[in-house]
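Engineer: Below: one structure in structure tokens.
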């Protein structure tokens, strides 16, 4: 990646995150005048609205890194919530447009969670209620946090759990509504909402369960922490939640940018066992299961923590 490419990429990222940034290239005045890039010593990016926000990088260090993602890690840590969510919304809209996230069938861990902890299905219309809230709450409802096109909303509806779905991606919600309407579920489509995990449009103590598959590790950690505070607010006391998180290693942990595949450009946050426990410290962890997949040579493909947690309030 050459110097021009780095500048262009930084400009694009900051425009996405902060709306309308200005890119200022400073020349070192005590240096002999040298034509072109050699006269440039620092790049300072000033966010147009938030004047106090400024980052300065040595151009030589940036070129040596040759990797915009490492610079973006700093941007992610220092960016404000609304800007980061604008960036996330754009990247996830692009991901859904590419088609890789258009999924129609529920994940097996969601099915396992519902049947083991919430409501077990024995026949076509025969269910066994397991979660006490199902009998004690007159208006029981469930939430799919980061619902995508609504595959788990549809499954929760088929289980009689009065689901609602929310996702940051306008493209996903639009596609989800189109799909649900096409299969005769207009009322369910109306329960899909575009929104942020940091500002859930629901009243306190609304939901008896929440599911969130492949979501809370697909955003900056700081945003996910605030999202879990919102989840706690909207869950009933004693409510259960299923979530899963991608696992990193001692060498790979924290936020990074996905650089290929259908999720290219999105933010991926890697967790360890300790950081998961810290992340969920305000909940009771009921089940903590790590599933690892490898290929036929033993090379690691994926490692995810699947968790069932209980709202303590």
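The values are calculated or read from the model by the stated rules, or taken from the named source; none is laboratory data. Not measured: the values here are computed from a predicted model. With ideal geometry, Cβ positions are generated from the backbone for all residues, glycine too; neighbour counts draw on all protein chains shown.
Engineer: Give the residues of region 220-242 that are touching a strand residue (DSSP E or B) at 6+ places or on another chain (Cβ under 6 Å) and modelled with pLDDT under 90, sorted by residue number.
Structural biologist: Selection gives 220, 221.
Engineer: Go through region 165-186 and count every residue that is farther than 23 Å from residue 220 by Cα and in contact (Cβ under 8 Å) with a residue 40 or more places away in the chain.
Structural biologist: So in region 165-186, the residues farther than 23 Å from residue 220 by Cα come out as 174-186.
In the following step, the residues that additionally are in contact (Cβ under 8 Å) with a residue 40 or more places away in the chain were identified as 175, 179.
Selection size over region 165-186: 2.
Engineer: So how many residues does region 109-133 have that are touching a residue at least 24 places away in the same chain (Cβ under 8 Å), closer than 16 Å to residue 208 by Cα and assigned to a helix (DSSP H, G or I)?
Structural biologist: Selection size over region 109-133: 6.
Engineer: Checking residue 289 against (1) farther than 25 Å from residue 169 by Cβ; (2) at pLDDT below 95; (3) surrounded by fewer than 14 Cβ atoms within 10 Å (Cβ to Cβ), which single condition isn't satisfied?
Structural biologist: Against the list (1) farther than 25 Å from residue 169 by Cβ; (2) at pLDDT below 95; (3) surrounded by fewer than 14 Cβ atoms within 10 Å (Cβ to Cβ), residue 289 comes up short only on (2).
Engineer: Follow-up. How about region 160-186: which of its residues are surrounded by fewer than 20 Cβ atoms within 10 Å (Cβ to Cβ) and within 20 Å of residue 127 (Cβ to Cβ)?
Structural biologist: 160, 162, 185
Engineer: Next question, about the same structure. Looking at region 187-195, is at least one residue under 23 Å from residue 116 (Cβ atoms), touching a helix residue (DSSP H, G or I) at 6+ places or on another chain (Cβ under 7 Å), in contact (Cβ under 8 Å) with a residue 40 or more places away in the chain and surrounded by 23 or more Cβ atoms within 10 Å (Cβ to Cβ)?
Structural biologist: No, region 187-195 contains no residue that is under 23 Å from residue 116 (Cβ atoms), touching a helix residue (DSSP H, G or I) at 6+ places or on another chain (Cβ under 7 Å), in contact (Cβ under 8 Å) with a residue 40 or more places away in the chain and surrounded by 23 or more Cβ atoms within 10 Å (Cβ to Cβ).
Engineer: Also: Looking at (1) modelled with pLDDT of 90 or more; (2) touching a helix residue (DSSP H, G or I) at 6+ places or on another chain (Cβ under 7 Å); (3) under 22 Å from residue 205 (Cβ atoms), can you tell me which one residue 313 breaks?
Structural biologist: Among (1) modelled with pLDDT of 90 or more; (2) touching a helix residue (DSSP H, G or I) at 6+ places or on another chain (Cβ under 7 Å); (3) under 22 Å from residue 205 (Cβ atoms), residue 313 violates only (1).
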